[in-house]
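In what follows, a single structure is set out as structure tokens and then discussed.
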Ligand code: ADP
Ligand code: MG
């Protein structure tokens, strides 16, 4: 019998193992920063090119490595942080597996220079795809400098799998923020393509939060502090009114390590119960200190999950101390975000109900009767006036473009009804259609934006009083990158260090909502959108349609429902929203008949 089992060469084994540790540029950033922190660095500089795809460089002033350690640190299972199994139960460092450098060097071009204090020369080593290229002495400062170039150069499938620079940079920034928060005493400088994203002086936890998230953060913070036998808690929560619909700023650290714990996240959320709407998420920055022997961080290679010995007690203490802080700082339960917006019947609605279109069923109504059509047209025009007060489109010639002749003949445009503030139900010749209002409006806006971008210009209006909005440096960077496209949409703004000044806006954006619209835009660019769009104009049209569409949960007047129905069926594509989800479903009368059998 022939033997068929091979022992893989070490560089192949390393490449396979690398898949676990190095998923994308941000994983490299995390590992390198953690190594520098473990080496007791007090100052760290990070340089990134092309969101880490071309270069990731970390320079630290830590303790450095000896000549021998420089030459073995890229081998697998080489670590200075543990030496036997017992140590696994008392981990004080970030790393301990001895895998990161081996994995990183297996899939990139790495160069490392390191010097210990009291030693004259530094040692330098270069490794390409796991193979040693050079190893010699050089002149350098105390500390370690490591450059990782051309990540995944030898695994094209991996490289192609990487997302756009915007998305990869966002991942890197997320990792950076976690580490910068965990170590406020350490000074960080972070450059992306030579522009400075962060310059964080050595400080305390509160100042670090403010430096990362902007000076306005200060007034939002409420301290949390608790010392018990099994656990110390220290940190801040945001006052409930600053909660967000998105899960933005939720940071939990255990022994200065960022962790994800749905269970403990629930503990914090539940402390806010009754203070914030269930759709909103509280923001928090909480540091938990426990005995290293009472936790197990060895369950996940990238180590954001953690097991606690006494999870239930930790849950209870965490919840109680957050509640206590909320109480102590006199935060009373007055907030109900959705209330004004949608739970109440809009004042206008009550007032106008009798005069609004289609509430009384008009049995003589015939959509193809010319007289009736023009009548409807007038109604729609007066409706348009109302639309001026809504967040969404209201350009004057919009409605003239309705092509009534081309409406699907089975779509009746009289008396629709709204269900659950989400669905618009309308009668058709052959049954019913049920439209998802948010998705339908996304489709409508998306097509308009695309046409405006490719065929005509969007109307822009100059603001008499310029508006200033504060943003973090990272958000400013995103705005800077996409400024040209925003300009094409009629948005004109000047960029400052931590703010923008808006000069002109597209006529369909309401000025009161400007700050919210912008934050949503930036959030969507950063997080939400798949980045396989055809082109920038396609991508931005998607983002804009998503941001500016009316949302599910909003009460719509009959006229507004009609607007959605009419505009949707005037679209080129009616069935799906820009994100490939159904905009409406049909129920045939024949199916309804069957249900009664
Ligand atoms: P781990 O961090 O799990 O020990 P790594 O592969 O990340 O494994 O690093 C291997 C070893 O190289 C570390 O244990 C440490 O001794 C050394 N090392 C890595 N980076 C640095 C650095 N920036 N400064 C000093 N020593 C370092
Ligand atoms: Mg490490």
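Over the residues of region 119-177, compute the C-alpha Rg and express it relative to 2.2 N^0.38 Å. Could you put the intermediate results ahead of the total?
Working: Rg = 15.9 Å, N = 59, 2.2 N^0.38 = 10.4 Å.
With N residues counted in region 119-177, Rg over 2.2 N^0.38 Å equals 1.53.
To the nearest µm²/s, what D does Stokes-Einstein give for region 1-147 at 37 °C and 0.692 mPa s, using the Kirkwood radius over alpha carbon pairs as Rh? Here the translational diffusion coefficient equals 205 µm²/s. Residues 575, 65, arranged from fewest to most other Cβ atoms within 10 angstrom of their Cβ, appear as 575, 65. Eigen-decomposition of the gyration tensor built on the alpha-carbon atoms of region 185-299 gives equivalent ellipsoid semi-axes of 24, 21, 14 angstrom, largest listed first. A crude spin-label estimate for the pair residue 12 and residue 227, with each label 7 Å from Cα along the Cβ direction, gives 5.8 nm.
Taking 0.36 nm per residue of sequence separation and subtracting the Cα-Cα distance, how much length would be gained by fully extending the chain between residue 218 and residue 92, in nm to one decimal? Present the calculation step by step, with values, prior to reporting the outcome.
Values: separation 126, 0.36 × 126 = 45.36 nm, distance 3.10 nm.
Full extension of this stretch gives 42.3 nm more.
Label positions at residue 289 and residue 420, each projected 7 Å from the Cα along the C-beta direction, are separated by 4.9 nm.
Go through 276-288, 5-17 and give me the packing order, highest mean Cβ count within 10 Å leading. Each step should come with its number before you reach the end.
On the way: 276-288: 19.9, 5-17: 12.5.
In descending order of packing, they fall as 276-288, 5-17.
Residue separation of residue 121 and residue 434 scaled by 0.36 nm, minus their Cα-Cα distance, works out to 105.2 nm of gained length.
Taking 8 Å as the Cα distance limit and 6 or more residues as the minimum spacing, I'd like the relative contact order of region 50-111 as a percentage.
Taking the mean separation of contacting Cα pairs over the length of region 50-111, I get 32 percent.
Beyond 16 Å, what percent of the Cα pairs of region 17-85 remain? In whole percent, the share of Cα-Cα pairs in region 17-85 beyond 16 Å is 58. At R0 = 35 Å, how high is the FRET efficiency between residue 587 and residue 245 if r is their beta carbon distance? Nearest 0.05 is fine. E between residue 587 and residue 245, to the nearest 0.05, is 0.65. For the pair residue 43 and residue 459, label points projected 7 Å from Cα toward Cβ lie 5.7 nm apart.
For residue 72 and residue 3 in one chain, what is 0.36 nm times their gap in residues minus the Cα-Cα distance, to one decimal in nm? Before the final figure, lay out the partial values.
On the way: separation 69, 0.36 × 69 = 24.84 nm, distance 3.30 nm.
Residue separation times 0.36 nm, minus the Cα-Cα distance, leaves 21.5 nm.
Peptides 254-265, 175-186, 149-160 ranked from most to least packed, by the mean per-residue count of other Cβ atoms within 10 Å: 175-186, 254-265, 149-160.
Only the coordinates and a few stated rules stand behind these numbers; no lab work does. All figures in this text were calculated on a predicted structure; none of them were measured in a lab. Cβ sites come from the backbone with ideal geometry, for glycine too, and all protein chains shown count toward neighbours.
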